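Just below is one structure, and these are the notes that go with it.
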Amino acid sequence: QLKGIQNSIEARDVKQVAVQAHGMKGGASNFGAKRFVESALKLEIKAKDGDLDGAQELLDGMKAAFEDLKEVSLVVNWKEIASNWED
C-alpha cells in the first residue's frame, strides 16, 4: 500500500493519494500507531485539498513509522494475545 501511495504521488493523482492514505490511517489506528496515523492524516488532508507539496516527506514519515511497527510486531507474543480473545 505504501508503494501504491508512492505511485499515486508520482502520478500527481490527489484523489488516489487521499483514498489510500485514508485507508492506511484507519488500519494503523487499530494498532495505536500514532506517528503513522498522524502522517497519514496530514497526507490525506493535503491530497483532499489538491496539494501534494510535501507529500513525499509525509510518505517518508509513514515509511519510517511502519519500520518501527514491524520491529514491535516481532516482539509481541501474538499467540498469547489470540488466546486471550478466545472464549
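Rule-based calculations on the coordinates, nothing more; no lab input. Only a predicted model underlies this, so the values are computations on that prediction, with no experimental measurement involved. Counting neighbours? That spans all protein chains shown, and the Cβs are built from the backbone with ideal geometry, glycine included.
Okay, here's what the table says:
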| quantity | calculated |
| --- | --- |
| Flag for residue 19 being farther than 15 Å from residue 1 by Cβ and under 17 Å from the mean Cα position of the chain (by Cα) | no |
| Elements of type helices (runs of 4 or more DSSP H) contained in region 9-87, each with 3 or more residues being loosely packed, with under 11 Cβ neighbours inside 10 Å | 55-75, 78-85 |
